[in-house]
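Structure first, commentary second.
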Amino acid sequence: MKVLVIGGGGREHALAWKLAQSPRVQTVFVAPGNGGTAADPALRNVPFNGVDDIDALAGFAAAEKVALTVVGPEAPLAAGVVDAFRARGLRIFGPTRAAAQLESSKSFAKDFMQRHGIPTALYASFTDAAAAHAHVARHGAPIVVKADGLAAGKGVVVASTADEAHDAIDHMLATVGGRVVIEEFMDGEEASFIVVSDGKDVLALATSQDHKRVGEGDTGPNTGGMGAVSPAPVVSPEVHARVMREIVLPTIAGMARDGHPFTGFLYAGLMIDAQGRPRTVEFNARLGDPEAEVILMRLKSDLFELLMAATEGQLASVEPQWDRRVALGVVVAAHGYPASPRKGDAITALPAATAELQVFHAGTVLDGAVLRSSGGRVLCVTALADSVRQAQQQALAAVRQVQMDGAHWRNDIGHRAIKH
Ligand code: AMP
Ligand code: GLY
């Protein structure tokens, strides 16, 4: 069978790598893919020029008789790629445009959570600047200001002073426009809780935790994620059960009841307080990146079978097997990331893949025979080992072999998991 993965980051390299391991899969197309998927003989890059190109991609999938399409990033989901493929009778794993609003619209997500009693921070939504400023004046800091719409983590300011919050409101209404959401600040430890749903049944993937800040000790500006670890020890069996009962199952049931059954990967970004009470920071309608890399590194079962079962409404019959070891991924970022990543740096001396080490590519491109950087997050070097510390050491040893001008990474990925 032929499979198509939409996207071109580390998450999509990991999805394609895992799907290609299935004995039922003969070809994995990646649209548009990256330098890593281009270099892998098991994978084939195909052109995809973004959301305006969805119809052409559906045409390609139909012509090639692709058996299953898997969507990586949020943008095509928010643009309705699942609706477009399904309208042509093509099997695709992901949420419809309506269901993807759990990620694409913060106000949709917050209204949904409020209506269905799903624990999250108290919030209010504003289009009027004066009303937003008055709200901050009334509640004080710390307080969180978010732009409504897709801003890939950049549309969030966790303000420790009221002045910071006032500035954020003005800036967001002037640049992103439309609407700001102002939230209660939640204290605690974050974790990523990702499930597969067929619209009715739910299968929890291994837990994980990413590190969003660019600098060591979780300092500096937010990024897409500088590394991740799986499992996340903060999600104890008790917390896991609460997350399923209080967040995941009511969300899947609520979306179905509201007429938008959620099919696809549902990612609940959690804040877990000192008492082990989980609350939802945000929903994403997709796998996380770099969470996907560490989760898929630990998946022992056939991903193709799992996702086919999900698209057939047969999820209840699937029980995935996980490697008991720890997977830890360190992102190698380009010079200037996240503010202004430089592109075009040559990348050499990539460590060889083994059963315990994979170099997933993100922002890379093959320029003739030369591999070059083409984005902010360039590689995610992922290791599997018996302990967090060992996995961290092995990933870092491999990262240090990589030669790329201006490369930077964090040496402390997994520090919260080590502390537990
Ligand atoms: P988001 O894009 O909503 O995931 O927010 C990005 C990051 O901001 C999260 O991963 C948290 O670290 C932080 N954050 C967002 N909302 C809150 C909140 N209500 N309380 C505390 N931290 C938050
Ligand atoms: N690593 C966070 C995300 O994918 O949204």
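The values are calculated or read from the model by the stated rules, or taken from the named source; none is laboratory data. Given the structure is predicted, the values throughout are model-derived calculations rather than measurements. Note that we place each Cβ from the backbone using ideal geometry, even for glycine, and neighbour counts take in every protein chain shown. For accessibility, only protein heavy atoms count, side chains too; no ligands or nucleic acids. Shrake-Rupley method; radii C 1.70, N 1.55, O 1.52, S 1.80 Å.
Here are a few things to note about the model shown:
- Model label sites at A87 and H420, defined 7 Å from Cα along the beta-carbon direction, differ in position by 4.3 nm.
- Here the Kirkwood formula, the inverse mean of 1/r across different C-alpha pairs, assigns the stretch 75-225 a hydrodynamic radius of 17.3 Å.
- Separation between Cα centres of the stretch 365-420 and the stretch 257-322, rounded to whole Å: 24 Å
- Highest mean first, the peptides 162-174, 276-288, 26-38 sorted by other C-beta atoms within 10 Å per residue fall in the order 26-38, 276-288, 162-174.
- For the chain, alpha-carbon Rg relative to the globular expectation (2.2 N^0.38 Å, N residues): 0.94
- A protection proxy built from the mean count of other Cβ atoms within 10 Å ranks the segments 218-226, 95-103, most packed first, as 95-103, 218-226.
- Antiparallel DSSP beta bridges within the chain, as percent of all bridges there, nearest 5: 80 percent
- Convex hull projection area averaged over all views, the stretch 144-303, Cα basis, nm²: 10.4 nm²
- Convex hull volume of the Cα atoms of the stretch 228-325, normalised per residue: 116 Å³.
- Percent accessible area from carbon and sulfur atoms, the chain, protein chains only, probe 1.4 Å: 51 percent
- Per-peptide average of other Cβ atoms within 10 Å, ordering 13-20, 399-406 highest first: 13-20, 399-406
- GluC sites (Glu not before Pro) within the stretch 300-376: DSSP coil, no more than 11 neighbouring Cβ in 10 Å: E312
- Residues of the chain: accessible area per residue with a 1.4 Å probe, Å²: 39 Å²
- Structural size metrics of the stretch 16-96, computed from C-alpha coordinates, are Rg and Dmax of 12.2, 33 Å.
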